[in-house]
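Where a number appears in this text, it was derived from the coordinates with a stated rule and is not lab data. On a predicted model such as this, the values are computed, not experimentally measured, just so you know. Positions of Cβ are backbone-derived with ideal geometry, glycine not excepted, and every protein chain shown enters the neighbour counts.
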Amino acid sequence: MRVVVQRVTEARVKVDGLVTGEIGAGILVLVGVTKADTVADAEFLVDKLVHLRIFADDAGKMNRSLLDTQGSMLVVSQFTLYGDCRKGRRPSFDDAAPAGQARALYEAFVEIARRGGVRLETGVFQAHMDVSLINDGPVTLIVESPSRESPPRLAGSGDKGS
């Protein structure tokens, strides 16, 4: 499971012109699910996100979590996080979970986050959504569950002596 996390001062998602989720200060979380993911991946990521110290403390250092700040979370499904662009010019989505599996794990992710005491809003699974945000910082991170491996490095992508 892979998420893109953006620290925001506000964020909203609309479907067909209607707001389905809207938050003030907190995090926007784009959630991608792959075929190998389980509820354990969702549990790991929710725990990581609510405790991730990406908010400023009184000294201005990133030392406070979403729980510490009582911030909100806007969760949006994003199968394109598993788009593989290494070959050709059109992304391959072969690693993305099928819709039924992805929906179940996305809903599990949302429910786990709600049980964790976070004010939470969502988009609409499998809908065309308009997402808007004001990125605070900007702070944007990619977080993956431990079962995911990093993508292979491409030749010449920083290897010394290649």
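On the stretch given as the range 85-134, residues that are of a type in the set (D, E) and either surrounded by 15 or more Cβ atoms within 10 Å (Cβ to Cβ) or within 25 Å of K48 (Cα to Cα) (or both) total 4.
Within the span defined as the range 9-17, every residue fails to be surrounded by 14 or more Cβ atoms within 10 Å (Cβ to Cβ), under 18 Å from E107 (Cα atoms) and charged (D, E, K, R). Taking the conditions (1) farther than 17 Å from A25 by Cβ; (2) over 14 Å from the mean Cα position of the chain (by Cα) in turn, G137 satisfies each one other than (1). Counting only strands (runs of 3 or more DSSP E) wholly contained in the range 1-89, the ones carrying 3 or more residues that are over 14 Å from the mean Cα position of the chain (by Cα) occupy 2-15, 18-23, 62-64. Scanning the range 94-141 for residues that are part of a loop (DSSP other than H, G, I, E, B), without any contact (Cβ under 8 Å) to a residue 60 or more places away in the chain and touching a Ser or Thr at 6+ places or on another chain (Cβ under 8 Å) yields F125, Q126.
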